[in-house]
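Right, one structure below, let's go through it.
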Amino acid sequence: MPNRTYAFGAFVVGLACVVGLAGPADAQSRDETIVYGIQSDIQTYDPHDHILREGIIIGYHIFDNLLVRDMATGKVGPHVATSWKLVDPLTWEFKLRTDVVFHNGEKLTARTVKFNFDRLLNPENKLPQRANHAAIKSVEVVDDSTVRFKTEKPYPIMLERLTQLQLIPEAYFKDKGKEYIAEHPIGTGPYKFVSWKKKQEHQWVRNDSYWGPKPAFKSARVRIIPEPAVQIAELLSGGVDLIKAVAPDQISVINGSGVARTTSSSILRTAFIQLDSLGKGGKNPFQDKRVREAVNHAVNIDGIIKHVLSGEADRTATAVNPMAFGYDPSIKPREYNPEKAKKLLAEAGYPNGFEVRLRHGLSVVEPGESQTTEAIAADLAKVGIRVKLDLLGEVGPYVTQVKEGKAGPMFAWSWGYYSVFDADAILWDIFHCGEVWAYYCNTELDKLIEEGRATIDPAKRKEIYSKAQKILHDDAAHLWKWGLHGIWGVSNRMEYKAPFDEIDRLFVATPRKR
């Protein structure tokens, strides 16, 4: 690993010199501009028509949510909605700010909120975000600044979910249509949209009429830079100010540069290898519990965390993240035991192992994913499971294949809960029978997931989620890996702290005092 880091570092330094030859933009303009580099572009600016993390991040700058998470306390707090109350177990009432105006001058009211949710929840519109809010039955306007939500059943994560529904203007949408707003967004957020060159860059300008704190930088650019090496080179040459998902073995390269540094944090994203026990892609060995157990015993997860990730991860026994409500630390991961793995494979009818495809390519959200997947494949080979690595590096097509049931029989996956700090957000979406993301189904688990969503009693919900995690562990539903750490590269020209919810907020960055 040290030799690889040295060689890569030398390459980056050389590349940084070449990149730097292009020269910065006009000095004053560059001083007033923050530049963010990401690996993959969004597919649309329509905040209801995607589920990708990059889209949520970009949307946070152009649009507003009803509620937001306080990054100091971790708790959900007011934003466009100033207060709320539970009228009865199925009715939530929210009071709205009266000074929120869209970039085109359209006023945001309770009617706007109703329009957004009516559009989202209409199944005919086939909007991907609908699944995240399907518990909402209807939305009612009480007056211009008061809105009520009716739910089918008690909905304990209502407030968490409302941090992830970005609001668009009704009149603008009805005038321009879906296709137009997908490329020409109008929001109420801290930045206004200027331009989008697909797979190249986005440009925004500060919204000086914003109702909240104004961004320190007058303009922002988001550059699409697929190659991690080029991202780091651009950071070191001054071409970008912020990059995310830095591979752990590149921390020393950035920190030793003198012009940038890294900042990291445990984040609400759990990584695991999904095993297609449902046979979505056809019959496969992982439909046998003994094979799934063998896989969990065969891989030295602790060793990979230590030696490949440089300690930048938290071991998990299931898919529930240590930061989520309901996480049970008493459930321990299976031990690394290759001999036991071989025995289980033999009992399952695979004394000589088998060959299988492992799809991966999520380095945009999982730092070091390629290296860790290679290490997993090497460990599996030692017990006879001969892995054919299949890299698909574009997040959009990757997610589409998973959604369509075509990613199996095993594939790298991680889930960020859409910033919902509750076990429900991953248990329902990934493990509830029939959900599009589910490659595992267990009716006993389903009952627990449904019980957890149907009560607002925290103690009861914790007990339910503990039982759910025990099922996932005992049944070896997937190959359990770790809770991720996010690693960011930050230019020394600005102050920025790693966000534990993965959502970069360029509008909180400030110039660094010199």
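Restricting segment 400-439 to residues that are in contact with a Pro (Cβ under 8 Å, 6 or more places away or on another chain) and outside any helix (DSSP H, G or I), the residue that is farthest from Gly281 (Cα to Cα) is Asp422. The residue that is surrounded by the fewest Cβ atoms within 10 Å (Cβ to Cβ), among those in segment 305-330 that are outside any loop (DSSP other than H, G, I, E, B) and either in contact with a strand residue (DSSP E or B) (Cβ under 6 Å, 6 or more places away or on another chain) or in contact (Cβ under 8 Å) with a residue 60 or more places away in the chain (or both), is His307.
The residues on offer are Glu450, Glu495, and the sole one that is more than 19 Å from the chain's Cα centre (by Cα) and over 30 Å from Trp204 (Cα atoms) is Glu450. When segment 375-396 is filtered for residues that are closer than 22 Å to Gln39 by Cβ and crowded, with 18+ Cβ neighbours inside 10 Å, the ones remaining, listed by number, are Ala375, Ile376, Val395. The set of residues in segment 440-478 being closer than 21 Å to Gln287 by Cβ and not in a helix (DSSP H, G or I) consists of Tyr440, Cys441, Asn442, Asp475, Ala476, Ala477, His478. Looking only at segment 34-45, decide whether some residue is surrounded by fewer than 22 Cβ atoms within 10 Å (Cβ to Cβ), part of a loop (DSSP other than H, G, I, E, B) and among the acidic types (Asp, Glu). No, segment 34-45 contains no residue that is surrounded by fewer than 22 Cβ atoms within 10 Å (Cβ to Cβ), part of a loop (DSSP other than H, G, I, E, B) and among the acidic types (Asp, Glu). With respect to the conditions (1) touching a residue at least 12 places away in the same chain (Cβ under 8 Å); (2) surrounded by fewer than 21 Cβ atoms within 10 Å (Cβ to Cβ); (3) of a type in the set (Gly, Ala, Ser), Ala346 lacks only one, and its number is (1).
Among the residues of segment 93-116, those that are buried (at least 20 other Cβ atoms within 10 Å of the Cβ), closer than 19 Å to His133 by Cβ and of a type outside the set (Gly, Ala, Ser) comprise Phe94, Leu96, Leu108, Thr112, Val113, Phe115, Asn116. Take segment 354-382 and flag every residue that is over 22 Å from the mean Cα position of the chain (by Cα) and either modelled with pLDDT under 95 or under 30 Å from Asp249 (Cβ atoms) (or both). Within segment 354-382, Glu355, Val356, Arg357, Glu374, Ala375, Ile376, Ala377, Ala378, Asp379, Leu380, Ala381, Lys382 meet the criteria. Taking the criterion of being basic (Lys, Arg) and more than 29 Å from Gly396 (Cα to Cα), the residues of segment 215-266 that qualify are Lys218, Arg261.
Residue-wise test of (1) assigned to a loop (DSSP other than H, G, I, E, B); (2) farther than 21 Å from Lys406 by Cβ.
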position	(1), (2)
Glu339	no, yes
Lys342	no, yes
Pro351	yes, yes
Leu358	no, no
Ser363	yes, no
Pro367	yes, yes
Glu374	no, yes
Ala377	no, no
Leu380	no, yes
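Could we say that Ile62 is out of contact with any Asp or Glu (no Cβ under 9 Å at 6 or more places or on another chain), at pLDDT below 90 and under 27 Å from Asn125 (Cβ atoms) here? Here the answer is no, as Ile62 does not meet what is asked. If you go through segment 167-191 and keep only what is crowded, with 23+ Cβ neighbours inside 10 Å and either farther than 16 Å from Arg111 by Cα or touching a helix residue (DSSP H, G or I) at 6+ places or on another chain (Cβ under 8 Å) (or both), you end up with Leu167, Ile168, Pro169, Pro185, Gly187, Gly189, Pro190, Tyr191. Can you find, within segment 207-241, the residue that is farthest from Lys192 (Cα to Cα) among those that are in contact with an Asp or Glu (Cβ under 9 Å, 6 or more places away or on another chain) and part of a strand (DSSP E or B)? Applying the filter and picking the extreme gives Ile224. Every test in (1) closer than 29 Å to Leu67 by Cα; (2) without any contact (Cβ under 8 Å) to a residue 40 or more places away in the chain; (3) surrounded by fewer than 16 Cβ atoms within 10 Å (Cβ to Cβ) is passed by Ile456 save one, and that test is (2). Take the conditions (1) modelled with pLDDT of 95 or more; (2) assigned to a loop (DSSP other than H, G, I, E, B); Asp302 misses just one of them, which is (2).
Considering only residues of segment 218-233 that are more than 30 Å from Lys306 (Cβ to Cβ) and in contact with a helix residue (DSSP H, G or I) (Cβ under 7 Å, 6 or more places away or on another chain), which is surrounded by the fewest Cβ atoms within 10 Å (Cβ to Cβ)? Among those that are more than 30 Å from Lys306 (Cβ to Cβ) and in contact with a helix residue (DSSP H, G or I) (Cβ under 7 Å, 6 or more places away or on another chain), it is Ala220.
The values are calculated or read from the model by the stated rules, or taken from the named source; none is laboratory data. None of these values were measured; they are calculated from a predicted model. Cβ: placed from backbone, ideal geometry, glycine included. Neighbour counts: every protein chain shown.
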